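Taking it in order: structure first as structure tokens, then the write-up.
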Amino acid sequence: MTMDNQQAENLAYLHTVAGPVAVVDHRDNASGWSEDARRPDWDRLLEGLTAGQYAGVVGWHSDRYTRQPDQLEQLIKACRRGRTQLHTRLGGHHADPTMIRIEMALAARESDIKSERQKLKQGQLAKDGMPHGGRRAYGYNAARTELVAEEAEHIRWAAQAILAGQSMRSVTAELNRRGAVTVSGGQWQASNLGTYLRRPMLAGLRTASVVGDDGKRSAPVVTGEASWPALLDLGTFTALRTLLENPARRVSKSAPRVYLLSGIAICGGAVGTMRGRSNASQNAPASYHCATGKAGCAYRRADKVEAYVTMVMGARLAQLDASGLLVTELDSASEHDQLAAQVAELEETLRGYGRQLVRKEMSPIVFEAAQAETEALVSGLRARMDELAVAQAQPLAVLKGLAGYADAYDRFRALSLERRRAVVSLLATVVIVPSQDRHASKAFDPELVQIAWRN
Ligand SMILES: [Zn+2]
């Protein structure tokens, strides 16, 4: 409906409720939608209302007066001061300002959502088309309609290796060793591989960045399923991204580790993790020390502890039932489905609250509280779903090719240090108990290394 039509209807309404009266027309097109727009005619209207110059004021709908809550409050105040009736063509006489407040809040919210959607859509259109002129994405052909088999294999391998505990650095080195080159023909770097592996595109998801009110583009957000094939399944991708975005992981880019249990084993004396230390300068074998360095804390010869832990891990891995792992996978899949169902239910509840609010069956204050509570529940459930994705994908990747194999000990020993560390962390808590003999290098006592299985 155009402004002129609204104007005509407002006039008709005015004459119906007030009879033949003098009418003053105030209008400014759409500037009530912007927070900062100056509204000279609006200011004149408020002055007139406050001064009691009018018997009443009528607008088409609450949100046609303004979309800014503070401006609405000014209008309500001006009408109260001037003892002026506040009307809308659609809502009639608003003797009590509550409903007009709610109407406007809902309209403003709706318009925020609409403009958000519109911005999203604009961004999306750009992304939806063929990759525009730029380089093709690694793993895909230029039109992004098909996977490039060999590249896809490299990426799937890299994803599994990282989930299995290998560092970005060693995975990058291995990719380069295998002759995988980037789309620009160069070598992979840990940083660009990390960025690439976090792209939702890989899971067949479309993204778009949103232009904010400040004119800045947001980081891309997922907007739905894409038309191109997924290179990684959604579970693997979610686990990978959650893992890569875990800040604890970022620090581990430093020098490669040399010790199996550094930062993993715990001191049985004062609280602290054990650190490996080379004692080459003293012509002595490497050792583990409690990081707190307190007197009475654990201290043990590294090679003997590692040989013992490796032996125990080998035995445990051989016993682990691979089919048991499959059951775990199914369990978490069904928990994931349950969570997804709960989220859908809560979102429906939320929409129900909105309807109750509009029908005046719920007060705005109750609505806000109920909305906040429900949204908190939803975000909690979503976080748990992300965790599950990691819990589901990671153990399978870490234990692949180990669990249930009779020669698990040999297989374990043949793994990279990073992968062995991931296996130990996943399966067990290792406590090194302080020994009375400070130089417990001669008589190694397995009793003083406690290995507790995590489940
Ligand atoms: Zn200690």
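The values are calculated or read from the model by the stated rules, or taken from the named source; none is laboratory data. All figures in this text were calculated on a predicted structure; none of them were measured in a lab. For neighbour counting, all protein chains shown are included, and Cβ atoms are generated from backbone atoms with ideal geometry for every residue, glycine included. Just the protein is used for accessible areas: all its heavy atoms, side chains included, with ligands, DNA and RNA removed. Shrake-Rupley method; radii C 1.70, N 1.55, O 1.52, S 1.80 Å.
The table that follows gives values for the structure above.
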quantity	calculated
Inter-residue pairs, beta-carbon under 9 Å, first closer than 17 Å to Arg275 by Cβ and among the basic types (Lys, Arg) and in the stretch 298-310, second within 15 Å of the ligand (Cβ to nearest atom) and part of a helix (DSSP H, G or I), 6+ apart	Arg300/Leu448
Filter pass, Arg421 being at pLDDT 80 or above, assigned to a helix (DSSP H, G or I), under 21 Å from the mean Cα position of the chain (by Cα) and charged (D, E, K, R)	no
Residue check, Arg355 out of contact with any Cys (no Cβ under 6 Å at 6 or more places or on another chain), assigned to a helix (DSSP H, G or I), of a type in the set (Lys, Arg) and in contact (Cβ under 8 Å) with a residue 60 or more places away in the chain	no
In the stretch 268-300, residue most open to solvent (accessible area, probe 1.4 Å) [restricted to those that are within 11 Å of the ligand (Cβ to nearest atom) and in a strand (DSSP E or B)]	Arg275
Close pairs (9 angstrom Cβ cut-off, 6 or more residues apart or separate chains): farther than 15 Å from Ala295 by Cα and in contact (Cβ under 8 Å) with a residue 24 or more places away in the chain in the stretch 261-277, near the ligand (Cβ under 8 Å from one of its atoms) and assigned to a loop (DSSP other than H, G, I, E, B) anywhere	Ala265/Ala298; Ile266/Gly272; Ile266/Ala298
Checklist (1) more than 26 Å from Ala230 (Cα to Cα); (2) at pLDDT below 70; (3) of a type outside the set (Val, Ile, Thr) applied to Asp96, failing item	(2)
Filter result (modelled with pLDDT under 90 and not in a loop (DSSP other than H, G, I, E, B)) within the stretch 395-412	Pro395, Leu396, Ala397, Val398, Leu399
Pairs, first more than 13 Å from Val58 (Cα to Cα) and touching a residue at least 24 places away in the same chain (Cβ under 8 Å) in the stretch 89-104, second polar (S, T, N, Q) and part of a strand (DSSP E or B), C-beta under 9 Å, six or more apart	Glu103/Thr88
